[in-house]
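The values are calculated or read from the model by the stated rules, or taken from the named source; none is laboratory data. If you're wondering where the values come from, they're calculated on a predicted model, not measured in any experiment. Here Cβ is always computed from backbone atoms with ideal geometry, including for glycine, and neighbour counts include all displayed protein chains.
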Amino acid sequence: MRTLHRMDRCKRAVTHDLSALSEDMRDLMSVTADIAGDEIQQVRRRLSSTLASGKEVSGRLYGKAAHAARTAGLAVREHPYQSIGVALAVSALMGTLWARRSDR
């Protein structure tokens, strides 16, 4: 449950940042609207396309991350002892690797 709350906070932060970036880009596009030129028009089209693509990718990534967190949470609830065993094994492996590296 905590993971979902953290993910929600991260999503809100990323969404806020993307919204601010999007707003700044729209402002930039409106300021440059009266500037004629093929290069400016191409940049504006690419910018609009990139903003739309970024929002779409952000939404898909959040959906996948939320699904993975729910799946992991269910697996831990269904198999608590195995989850503890896996966590201990991974911790022991990481500790061994870290100790070996710090000996160098």
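What the table below lists for this structure:
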item	result
So Val43, is it free of Cβ contacts under 8 Å to residues at least 40 places away in the same chain and closer than 28 Å to Arg9 by Cα	no
Complete set of residues in the range 50-81 that are modelled with pLDDT of 85 or more and polar (S, T, N, Q)	Thr71
Members of the range 15-45 that are within 27 Å of Arg60 (Cβ to Cβ) and of a type in the set (Ser, Thr, Tyr)	Thr15, Ser19, Ser22
Neighbours by Cβ (under 6 Å, 6+ apart or cross-chain): first from the range 61-83, under 23 Å from Cys10 (Cβ atoms); second part of a helix (DSSP H, G or I) and of a type in the set (D, E, K, R)	Tyr62/Lys11
Within the chain, helices (runs of 4 or more DSSP H) holding 3 or more residues that are at negative phi and under 16 Å from the mean Cα position of the chain (by Cα)	2-31, 38-78
